[in-house]
Ligand code: C2E
Ligand code: MG
Ligand code: MG
Ligand code: MG
């Protein structure tokens, strides 16, 4: 009693901590149900070739609509999924759903629709699950080639367990997938991993990209990442491109791919297919 009185912080801190735990528990229970009942879905955000403007890929982004019909963003539920271990079934679900969707688009287009798919892998998922086997299974079940998949990893996956991740990444490469380092530049990690690990693409975090035209420091960071990637023979993607001017600037700077609201927000699967189909018919029309 004396101690609680002596420190006012204790009194205010405890109920707050309790509320956080309770909220976390509530989300966890609801998320567990959402995973079980297939109440999650994927949205798909276009990724364009910056030089040609062509649509080349979609990134699959998880969405959760709760019982009240509210959309809960992945920045809130992925951490909960990671802490609770739900990231393993959620991660497997995302791989299967992305593969099934790509197979569906192929069928709608009467053959390989010529688009790639990028799926995010969490560091915890990589630690706890047999990810290469899960990837192989999901893609085989859907009947789509691993060569059409990019897997996005974050630097935290490397920091946690470098030996295990090296083996996992090698296995994923052997399957034929492309590997991208997501949120590149935000991870506090030793860059020497770039020499050792089979990374194909550096995906620059949007904190450097969005708003870089008004910020010399951000431009300097982006330029440094692009020249590092070029020297190491890696391709680059910029996320968070919100204006056409920014897309043009990044293209001129030699960035390979771009993603952001200037092109499109993450789309429902049906809208992504519409976009894909309009692109295909435009290409066919110009070929005739
Ligand atoms: P991320 O992989 O870096 O994905 C890019 C995020 O940036 C997405 O947020 C996307 O909607 C957002 N974004 C794209 N372009 C713009 C733009 O021009 N402006 C702004 N302001 N934002 C833009 P989202 O969908 O909320 O996802 C957040 C993060 O959640 C993702 O970041 C990824 O780390 C994680 N995530 C999403 N789906 C999955 C999943 O299925 N598995 C795992 N492990 N993580 C996922
Ligand atoms: Mg990503
Ligand atoms: Mg990213
Ligand atoms: Mg990001």
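Against the empirical 2.2 N^0.38 Å (N residues), the stretch 198-243 has a Cα radius of gyration ratio of 1.13. Taking 35 Å as R0, compute the FRET efficiency from the Cβ-Cβ separation of residue 200 and residue 38 and round it to 0.05. Plugging the Cβ-Cβ distance into 1/(1 + (r/R0)^6) gives 0.65. Considering only beta bridges that DSSP places wholly inside the chain, some 40 percent are antiparallel. Dividing the Cα radius of gyration of the chain by 2.2 N^0.38 Å, with N the residue count, gives 1.10. Ranked by how many other Cβ atoms sit within 10 Å of their own Cβ, fewest first, the residues 58, 25, 77 fall in the order 25, 77, 58.
Counted over all Cα-Cα pairs of the stretch 17-97, pairs farther apart than 18 Å make up 46 percent. Among 196-209, 227-240, sorting by the average number of other beta carbon atoms lying within 10 angstrom of each residue, highest first, gives 196-209, 227-240.
Each of 172, 246 has some number of other Cβ atoms within 10 Å of its Cβ, and from fewest to most they run 246, 172.
Can you tell me the 0 to 90 degree angle between the C-alpha axis of helix 216-232 and the longest principal axis of the chain, rounded to 10? So the helix axis and the longest Cα principal axis differ by about 60 degrees.
Adding -39500 (n - 2.57) for every DSSP H run of four residues or longer, then dividing by how many residues the chain holds, sets the calculated 222 nm ellipticity at -17000 deg cm²/dmol.
Computed from label points 7 Å out along Cα-Cβ, the spacing between residue 67 and residue 140 is 3.9 nm.
Length gained on full extension, residue 244 to residue 189: 16.6 nm, using 0.36 nm per residue less the C-alpha separation.
Throughout, read-outs are computed from the coordinates displayed, never taken from laboratory work. Small disclaimer: the values here were computed from a predicted structure and weren't measured. Don't worry about glycine lacking a Cβ; one is built from the backbone with ideal geometry, like all the others, and counts go over all protein chains shown.
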